[in-house]
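The values are calculated or read from the model by the stated rules, or taken from the named source; none is laboratory data. None of these values were measured; they are calculated from a predicted model. Cβ placement follows ideal geometry from the backbone for every residue including glycine, while neighbour counts extend to all protein chains displayed.
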Amino acid sequence: MTRGNLFHRIWKERSAYFFILPTLIGFLFFSLKPLIEGIRLSFYEANLRQQVFIGLDNYSKVFQDPFFWLSLKNTFLFVVVLVPLILFISLFIALVISKLSSFWQSFFKGAFYLPAVSAGVVMSLVWLWIFNSTYGLFNYILSIFHILPITWLGDDNPARVAIIIVVISWVVGMKIILYSSALAAIPKSIYEASEIDGANSWQKFWNITWPLITPMTIFLLVTLTIGISQIWEAIFLLTGGGPHYATTSLVLRIYQLGFLYFRFGEASVYAVVLLMIVFTIAFFQFRYLNKKLEF
Amino acid sequence: MAKPRVEITFWGEASVQFQNSIFTEGYKKLHPEVKINLEEIPSQNIREKVMIALATGNSPDVLGDYIGRLGNWANQGFLASLSGTLSVEDEKDFMSSVLNQFKIDGELFGYPMRYWVISYMVNKSILDKVGIGDIYPGTDFPLKDWMIIAKKVKELGYFATCFFANGRSGDYWMLTNFLIFGANLWENGNYKETTLNSGKGVMALEWMIDMVKGGYAPSGVAGITDGDYLNFMNTGRSVMQGRTPGTALATETLFDNGLLDYIPDFRVVGTPHASGILNPPLFIGPSGYVVFKEDDTEKLKTSIDFAKFVTSKENSKKVCEAYQQLSARYSVRLFEDQKCFLVAQKLISENGVGDLGLSSPHYLEVRDAQFPELQAAFMGKKTPQQALDDFAKKIRNIWKEK
């Protein structure tokens, strides 16, 4: 396309461009500019007082830092466990509530969405109480069944499980709503036709529901992968990255390096690495999972 | 309305106990030509907020905060020097152990206002309940007495104490347990090398781990937060802990809020001490007011004047009463009818103040480095010696990286 053609096309569709302009400006100033600035800072030794160009020194320092690999491993672990788990749980709940009356559907959607609109700090206090190893709710329930108490936030794997439970509770509400809308969009006539052909529930799900909600699944898969890769709030509020770094994620480390220790250059390296990982995963997810789909 | 001659920005700590507008309105009455823009900021956000303000060139003119954070800005060269701005009378009126913490290389960077003191406390109501009120400790509290009480209260289902390692603050509470064995975080003002990994420090950490294993303290220390630590004593589950004397005044509120079914009798006692360790010091944590560097001399002068006004005797009294903390000024005498405060003050004057290095160059990073190593020790991933050695190594790395 020549430059003249491009301008001509923009002019022709000017009303459409006018409507996306506010979002575009927001994206340029609040997403693209910080992103470019972050990449630039990764080549600088930067603190609150000065910025000195040091080439790839920050990269070499970060790649030799055991905390980087540890936080990368933890982040990867959370993505691998949480993404499929959230997809499965939200789809399962959406399927169950789709059979209910509209009143109960709204009730359950609202109930599951509630944690997402509640303040994270308040929610974390509740969860800290639930996970307390001495007087917490979970251990109280375990004690009823004569199961020994678990030091939820005081041991590696229980702490990771605790974070996973909390993140699921915060995230799953929105995914249920999205899956519910995808399920509602499937024409009933397809199910009726399959029933005439004698299809059972599993066959209906596997041959009708699943293919027709795949676009939504891929959308959720990509956005969840991006979102969970940036996991930090639940960790920050519940474990602070502990016990002994067992839940330290890449973004938590970015926060620590940037906001607590003012090592902006190193924090930017983490951000650049995270950007590249997320971009690569999202690219391949769209490229290879998306190809047989009709939107 | 005439345009104000000088306009300054004041960031005060947001608090339910105290409204910073008392300062701004009081100063405005004396100096109607000055306009003060007040912003109240929750203490948990203040570090990030100031950092962003500094990065964007929008720092406040006067800031009130905890010294652990203020020292950080001073060490990075953002604060105006206040040396020579105090009158002789004021200089004498400020407690030297507090005022000295607002100095770096002899240069004054802030005016102190109030301070908390970590004093060891016992819940006397529980001691009475288990029939050992008669061995209630005084300002001298040998560890062997501590153990007698611990065994007794444990038999009746109470925890003797509580430890925590899932913290981002409250380092002073855990460090108080090191004082029991005479282990100090720093010695002789050398903030580049900790002495916590000495034999005494290792002994202290081994003791804490043994107390958990023996059921004298709650398990899962690596996951226990500083909030849990306070709750254990507030709700009568644990009997002896390092606390602030203000806690004793708050017990009625806890009762009123239904958190307790009785009003416990919290008392300040001496920090327990192992055999051969005498008079363990107490940790104090001052808060105060600083002035950021400013090219406009009139604005700078006004900011300094305002910070002095804020920390005046009259204001100090109001603030300390509201926060239930002691004043940094000798002349401001408070809580004279409250035994907890009196005992704490007596202990400070007799035993002195421990060095947390609150205004040392990397205090915040050192504090953050401490908890993961404690977690590792309590989880059994490292021996106490390894954990404390790794902590010492981290401190060396922090200095090296800077």
(message) Restricting to segment B:219-253, name every residue that is in a loop (DSSP other than H, G, I, E, B), within 13 Å of chain A (Cβ to nearest Cβ) and touching a Phe, Trp or Tyr at 6+ places or on another chain (Cβ under 6 Å).
(response) B:ILE224, B:ARG237
(request) Can you confirm whether segment B:340-349 contains a residue that is within 14 Å of another protein chain (Cβ to nearest Cβ) and either closer than 30 Å to A:THR248 by Cα or surrounded by 20 or more Cβ atoms within 10 Å (Cβ to Cβ) (or both)? (result) no
(message) Take the residues in segment B:139-173 that are farther than 18 Å from A:THR134 by Cβ and aliphatic (A, V, I, L, M); name whichever of them is nearest to the chain's Cα centre (by Cα).
(response) B:LEU143
(request) Go through segment B:325-344 residue by residue and tally those that are in contact with a Leu (Cβ under 8 Å, 6 or more places away or on another chain) and touching a residue at least 24 places away in the same chain (Cβ under 8 Å). (result) 8
(message) Checking the condition more than 17 Å from A:VAL79 (Cβ to Cβ), buried (at least 16 other Cβ atoms within 10 Å of the Cβ), among the small types (Gly, Ala, Ser) and without any contact (Cβ under 8 Å) to a residue 24 or more places away in the chain, which residue from A:ALA193, A:ALA199 passes?
(response) A:ALA199
(request) Evaluate the following for A:LEU77: is it under 28 Å from A:LEU221 (Cα atoms) and assigned to a loop (DSSP other than H, G, I, E, B)? (result) no
(request) Report yes if A:ILE164 is within 26 Å of A:TYR245 (Cβ to Cβ) and touching a residue at least 40 places away in the same chain (Cβ under 8 Å), otherwise no. (result) yes
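Does B:SER219 meet the test of being in contact (Cβ under 8 Å) with a residue 12 or more places away in the chain and either in the same structural domain as B:VAL122 (by TED's automatic domain parsing) or closer than 24 Å to B:LYS151 by Cβ (or both)?
no
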(request) Counting only residues that are within 14 Å of chain B (Cβ to nearest Cβ) and within 24 Å of A:PHE108 (Cβ to Cβ), give me the helices (runs of 4 or more DSSP H) lying completely in segment A:122-218 with at least 1 of them. (result) A:137-144, A:156-184
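Residue-wise test of (1) away from chain A (no Cβ under 13 Å); (2) part of a strand (DSSP E or B); (3) buried (at least 19 other Cβ atoms within 10 Å of the Cβ).
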{"site": "B:PHE255", "(1), (2), (3)": "yes, no, no"}
{"site": "B:ILE263", "(1), (2), (3)": "yes, no, no"}
{"site": "B:GLY276", "(1), (2), (3)": "yes, no, no"}
{"site": "B:VAL291", "(1), (2), (3)": "yes, yes, yes"}
{"site": "B:THR302", "(1), (2), (3)": "yes, no, yes"}
(request) Assess whether B:LEU30 counts as being among the aliphatic types (A, V, I, L, M), surrounded by fewer than 15 Cβ atoms within 10 Å (Cβ to Cβ), away from every other protein chain (no Cβ under 14 Å) and under 21 Å from B:GLU298 (Cα atoms). (result) yes
(request) Hey, can you tell me all the residues within segment B:181-210 that are more than 18 Å from B:GLN385 (Cβ to Cβ) and not acidic (Asp, Glu)? (result) B:TRP186, B:ASN188, B:GLY189, B:ASN190, B:TYR191, B:LYS192
